[in-house]
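Engineer: To start, I am sharing the structure in question, which I have written as structure tokens.
Just so it is clear, none of the values below were taken in a lab; they were calculated from the coordinates. Bear in mind that the values here come from a model prediction, so they are computed numbers and not experimental data. For neighbour counting, all protein chains shown are included, and Cβ atoms are generated from backbone atoms with ideal geometry for every residue, glycine included.
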Amino acid sequence: MLGRLGPDALPLYSWVAMGGAMVTVAGGLGFLAIVTWLGKWRELWSGWITSVDHKRIGIMYIVLALIMLIRGFVDAIMMRLQQALAMDGGGYLPPEHFEQIFSSHGTIMIFFMAMPFVTGLMNFAVPLQIGARDVAFPVMNSISFWLTAAGAGLVLVSLVIGKFSTAGWTGYPPYSGVQFTPGVGVDYWIWAVLVSGVGSTLTGINFVVTILRKRTTGMTLMHMPMFTWTALCSSILIVFAFPALTVVTAMLALDRTVGTHFFTNDGGGNVMNFMNLFWIWGHPEVYILILPAFGIFSEVVATFSSKRLFGYPSLVYATMVIAVLSFTVWLHHFFTMGAGANVNAIFGIATMVIAVPTGVKVFDWLFTMYRGRIRFEPPMLFTLGFMCLFVVGGMSGVLLAIPPINYATHNTTFLVAHFHNMIIPGALFGYVAGYMYWFPKAFGFRLDRNWGARAFWFWFTGFILAFMPLYVIGLMGMPRRMESYANPDWQPWLIIAFLGACLILLGIVSLGIQLWVSVRDRVRLAAEADDPWDGRTLEWSTSSPPPAWNYTELPIVSVRDSFHEAKLTGKPIPTAPLTASIHVPRNTAVGPVIGFAGFCVGFGVIWFIWWLAAVGLALVATTLIARSFADDTESEAFPGRGTGIS
């Protein structure tokens with residue numbers, strides 16, 4: 001009845017694993033206890049869990065991302081400490097546990113920290129920026145979030161029941177095949193990625209339709225804010241790239257569970273098909289994460305330089321060029337495959353070319369700041385830190401685009417340093433800047449400036465200390481993912497990298513203290529009116545926090561940065577008069593129910609509990625059919641006369 005699930009699934013093989021499981025269980029029980037003690041279950045259910053308000057869904061995405069950031073960083077600092085101590089077989093982690101840690105670290109940070117963070121910011125800001133009352137498909141938006149949460153739940157459960165994958169965050173066969181990894185670890189990876197990937201695909205569809213069809217009157221494509229442009233391009237990439245990930249993980253699941261031979265060479269399959277399909281998703285994924293961060297940097301630079309964004313058309317065209325070229329460079333992830341010099345040369349050149357539109361963006365931001373009245377608020381600090389560090393990562397990427405150099409550095413810590421050099425400054429710094437930038441719009445008060453600045457400096461200096469040494473030892477020949485080593489020349493650099501990770505830890509702690517101090521001092525930090533930053537785009541023209549319907553009267557736009565232009569002329573933004581009530585979608589349990597069902601399907605297949613998987617699939621089908629028969633799905637709101645929402 002319970003398939004493979006038994007007492008041996010408990011993490012008794014390592015005191016570190018047992019400690020991690022206990023912390024995870026204690027955290028979950030602590031949350032339940034606090035909500036029960038405060039008597040907030042009804043409010044949590046009706047105000048958040050069943051909400052289809054894009055702003056609340058966005059906030060829940062960001063909360064999930066911050067939780068998983070902490071979880072993923074615990075893995076990171078454990079790896080850094082292990083490698084700092086690992087000379088001649090030292091350290092505290094057994095090899096298999098170390099392999100689980102680097103696998104879960106990459107999986108969590110890409111799929112369950114970065115993706116929810118960027119999706120949350122898009123959810124919160126995009127409809128407000130385009131003058132829309134909601135996304136195109138509010139219920140599908142809720143389903144997307146809860147499927148993502150279900151995937152994250154599977155990763156967290158693997159800490160307590162069973163083991164996680166030891167095949168890395170990319171899950172390459174043949175090692176990820178059942179012959180070499182027969183346990184449940186790879187299955188946890190597969191189903192966490194599959195379930196969350198469906199949610200991400202739905203998000204991409206939702207935002208493509210929202211941006212193309214829900215813009216307010218007068219907002220042409222070339223009047224859209226840069227963040228909306230980058231969200232559009234990122235969503236298009238999601239729609240085209242994520243199906244490849246879904247297909248390749250489903251094929252690997254069939255190989256492991258049913259006994260097919262998609263990726264078993266001796267059975268007629270081809271291992272390299274996995275790598276190609278994975279990276280056809282994987283490299284666009286880099287830009288799915290980075291392009292919206294570029295949009296945030298554009299908003300922040302213009303706002304805190306008190307200047308119109310320089311070269312707006314070139315930024316738009318550069319964004320579109322990057323989106324297209326992102327599908328032409330995937331093979332540089334495995335130049336060593338043996339495809340031949342001509343193939344490697346084509347993909348190497350394409351990889352160099354994609355750096356050109358990125359350079360255009362950097363120069364546009366610099367020219368925007370030139371002769372501007374720059375205010376060094378925390379979002380601007382993270383933007384400046386990004387520009388300093390990202391250029392280094394870009395240069396190392398151009399080096400890796402040269403096949404002979406790539407051959408020499410492939411699978412070394414040089415590659416680890418490059419990848420983090422792109423994702424942490426290029427994506428995470430942008431997300432943190434956006435979180436601080438739009439926080440007052442979400443909650444009506446700013447985040448504490450001093451703790452924000454401290455967080456930045458810890459992150460900035462910690463990043464330099466943590467990853468620049470990896471470039472050095474990578475050139476010295478150290479392979480990545482080493483649990484122990486015998487070269488004494490590497491250890492001093494690894495100790496420095498561990499100290500850098502400690503500074504990043506202080507940066508994360510500073511973000512937590514900033515939030516706590518800001519909530520405590522929220523009266524002092526209350527946003528000046530609804531526009532604390534002297535913003536330029538439409539979201540700053542509505543109240544903080546906005547009503548459920550965003551705008552009582554929809555704005556009419558005739559220029560870019562219409563809110564800023566209205567402030568300059570002293571005239572309000574023209575609006576379409578409200579002639580009837582506003583229809584607001586009702587809360588629904590469809591999203592959380594399908595998310596729970598997705599979790600059951602994944603957990604059931606992982607442990608061969610087939611009845612549980614069947615119940616999950618039946619629950620999904622029943623919920624969708626029942627929803628299709630629902631007629632009363634909207635409430636009427638009467639601004640100024642009570643909402644009438646129920």
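Engineer: Could you check the simple spin-label distance between Val517 and Val63, using points 7 Å along Cα→Cβ, in nm with one decimal?
Structural biologist: 2.4 nm
Engineer: A follow-up question, please. Order 11-24, 105-118 from most to least packed using the mean count of other Cβ atoms within 10 Å.
Structural biologist: Top to bottom by mean Cβ count within 10 Å: 105-118, 11-24.
Engineer: For segment 358-476, report the % of Cα-Cα distances exceeding 23 Å. All intermediate terms of the calculation are to be shown ahead of the outcome.
Structural biologist: Working: 2800 of 7021 pairs.
Value for segment 358-476: 40 percent of Cα pairs lie more than 23 Å apart.
Engineer: Using 0.36 nm times the number of residues separating Asn487 and Asn265, minus their current alpha carbon distance, what extension gain do you get?
Structural biologist: 76.4 nm
Engineer: Which whole number in µm²/s is D for segment 394-551 by Stokes-Einstein, with the Kirkwood Rh taken over Cα pairs at 4 °C and 1.567 mPa s?
Structural biologist: Numbers: Rh = 18.2 Å.
In µm²/s, the coefficient rounds to 71.
Engineer: Can you tell me what share of the DSSP beta bridges in the chain is antiparallel? A percent to the nearest 5 is fine.
Structural biologist: Counting DSSP beta bridges with both partners in the chain, the antiparallel share is about 90 percent.
Engineer: Hey, another quick one. Calculate the length of the line joining the C-alpha centroid of segment 328-347 to that of segment 357-410, in whole Å.
Structural biologist: If you average the Cα positions of each part, the centres end up 25 Å apart.
Engineer: Amide H of Ala339: which non-local residues (sequence gap of 5 or more, or other chain) have their own amide H closer than 5 Å, using H built in the peptide plane?
Structural biologist: Amide H neighbours of Ala339, under 5 Å, 5+ apart: none.
Engineer: Could you give me D for the chain, from Stokes-Einstein at 10 °C and 1.306 mPa s, where the hydrodynamic radius is the Kirkwood radius over C-alpha pairs? Units µm² s⁻¹, please.
Structural biologist: For the chosen part, D equals 62 µm²/s.
Engineer: Using amide H atoms built in the peptide plane, which far-off residues or other-chain residues are under 5 Å from Thr166 H to H?
Structural biologist: Val186
Engineer: Which value, in nm² and rounded to one decimal, describes the direction-averaged projected area of the C-alpha convex hull of segment 71-191?
Structural biologist: 9.5 nm²
Engineer: In whole Å and largest first, what semi-axes does the C-alpha gyration tensor of segment 522-587 yield when each eigenvalue is scaled by 5 and square-rooted?
Structural biologist: 22, 20, 9
Engineer: Assuming R0 = 25 Å, can you tell me the calculated FRET efficiency for the pair Ile405 and Phe367, based on Cβ-Cβ distance, to the nearest 0.05?
Structural biologist: Efficiency computed from Cβ-Cβ geometry: 0.20.
Engineer: Continuing with the same structure: Provide the net charge surrounding Ile108, with neighbours chosen by a C-beta distance below 11 Å and charges set as Lys +1, Arg +1, Asp -1, Glu -1.
Structural biologist: Local net charge: 0.
Engineer: Near the amide H of His583, under 5 Å away, which other amide H atoms are found, from residues 5 or more places off or on another chain, if H is placed in the peptide plane?
Structural biologist: Ala637
Engineer: Next question, about the same structure. So, with +1 on the Cβ of K and R and -1 on the Cβ of D and E, and no other charges, what is the size of the charge dipole of segment 331-475 about its Cα centre, to the nearest 20 debye?
Structural biologist: Working: 8 positive and 3 negative charges, 107 e Å.
Once rounded to the nearest 20, the dipole reads 520 debye.
Engineer: Can you bin segment 262-344 into rounded, prolate or oblate? Criterion: square roots of the alpha carbon gyration tensor eigenvalues sorted a ≥ b ≥ c, rounded for a/c under 1.5, prolate for a/b above b/c, oblate for the rest.
Structural biologist: Prolate, because a/c is 1.5 or more and a/b exceeds b/c.
Engineer: Take each of the peptides 564-575, 427-438, average the number of other beta-carbon atoms within 10 Å over its residues, and list them starting from the highest.
Structural biologist: Answer by packing, highest mean first, reads 427-438, 564-575.
Engineer: Compute the semi-axes of the equivalent ellipsoid of segment 172-278, taking the square root of 5 times each eigenvalue of the Cα gyration tensor, and list them largest first in whole Å. Present the calculation step by step, with values, prior to reporting the outcome.
Structural biologist: On the way: eigenvalues 297, 31, 18 Å².
Square roots of five times the eigenvalues give 39, 13, 9 Å.
Engineer: Cβ under 11 Å from Glu539's Cβ, Glu539 left aside: what net charge do those residues give with Lys, Arg +1 and Asp, Glu -1?
Structural biologist: 0
Engineer: I want the local charge near Leu325. Using Cβ-Cβ distances under 15 Å, sum +1 for each Lys or Arg and -1 for each Asp or Glu among the other residues. Don't skip to the answer; put the middle values down first.
Structural biologist: On the way: positive: Lys361; negative: Glu285.
Cβ neighbours under 15 Å give a net charge of 0.
Engineer: Got a sec to turn the phi values of segment 213-227 into Karplus ³J(HN,Hα) couplings, 6.51 cos²θ - 1.76 cosθ + 1.60 with θ = phi - 60°, whole Hz, x for Gly and Pro?
Structural biologist: The phi angles translate into 10, 10, 5, 6, 4, x, 7, 6, 4, 7, 9, 6, x, 4, 5 Hz.
Engineer: Can you work out the Karplus-derived ³J(HN,Hα) for every residue in segment 293-299? Use 6.51 cos²θ - 1.76 cosθ + 1.60 with θ = phi - 60°, whole Hz, and x for glycine or proline.
Structural biologist: Result, rounded to whole Hz: 5, 4, x, 5, 4, 5, 5.
Engineer: A further question on this structure: Students often forget the sequence filter, so: which lysines lie under 22 Å Cα-Cα from Lys307 once same-chain residues fewer than 8 apart are removed?
Structural biologist: The qualifying lysines are Lys361, Lys441, Lys567, Lys571.
Engineer: Report D for segment 577-629 in µm² per second (integer): Stokes-Einstein, Kirkwood Rh on Cα pairs, 25 °C, 0.890 mPa s.
Structural biologist: Details: Rh = 12.7 Å.
The Stokes-Einstein estimate is 193 µm²/s.
Engineer: Label points 7 Å out from Cα along the Cβ direction at Arg524 and Val356: separation in nm?
Structural biologist: 5.3 nm
Engineer: What does the highest-first list of 255-264, 629-638 look like by mean Cβ count within 10 Å? Don't skip to the answer; put the middle values down first.
Structural biologist: On the way: 255-264: 17.0, 629-638: 11.7.
Sorting 255-264, 629-638 by mean packing, highest first, produces 255-264, 629-638.
Engineer: Charges only on Cβ, +1 for Lys and Arg, -1 for Asp and Glu: so what's the dipole of the chain about the Cα centre, in debye to the nearest 20?
Structural biologist: 1220 debye
Engineer: I would also like to ask the following. Quick one: pull the percentage of alpha-carbon pairs in segment 454-501 with a separation above 16 Å. Let's see the in-between values first.
Structural biologist: On the way: 430 of 1128 pairs.
Taking all Cα-Cα pairs of segment 454-501, the fraction more than 16 Å apart is 38 percent.
Engineer: Got a sec to turn the phi values of segment 199-212 into Karplus ³J(HN,Hα) couplings, 6.51 cos²θ - 1.76 cosθ + 1.60 with θ = phi - 60°, whole Hz, x for Gly and Pro?
Structural biologist: My calculation for segment 199-212 gives x, 5, 4, 4, 4, x, 4, 4, 7, 4, 5, 4, 6, 7 Hz in order.
Engineer: Let me ask something else about it. Would you kindly compute the Cα radius of gyration of segment 124-200 and its largest Cα-Cα separation (Dmax), both in Å?
Structural biologist: Expressed in Å, the Cα Rg and Dmax of segment 124-200 come to 16.8, 54.
Engineer: From the convex hull of the Cα coordinates of segment 270-421, what is the mean projected area in square nanometres?
Structural biologist: 9.1 nm²
Engineer: Check the straight Cα-Cα distances from Lys55 and name the aspartates and glutamates below 13 Å, setting aside those fewer than 8 residues away within the same chain.
Structural biologist: Hits, sequence-local ones excluded: Asp134, Glu539.
Engineer: For segment 21-102, what class follows from the C-alpha gyration tensor (a ≥ b ≥ c being the square roots of its eigenvalues): rounded when a/c is under 1.5, otherwise prolate if a/b is larger than b/c, else oblate?
Structural biologist: prolate
Engineer: Still on this structure, please answer the following. Specify whether the C-alpha gyration tensor of segment 555-646 places it in the rounded, prolate or oblate class, a ≥ b ≥ c being the square roots of the eigenvalues: rounded for a/c under 1.5, otherwise prolate if a/b is larger than b/c and oblate if not. Spell out each step's value before the answer.
Structural biologist: Working: a/c = 4.76, a/b = 2.32, b/c = 2.05.
Note, shape of segment 555-646 comes out prolate.
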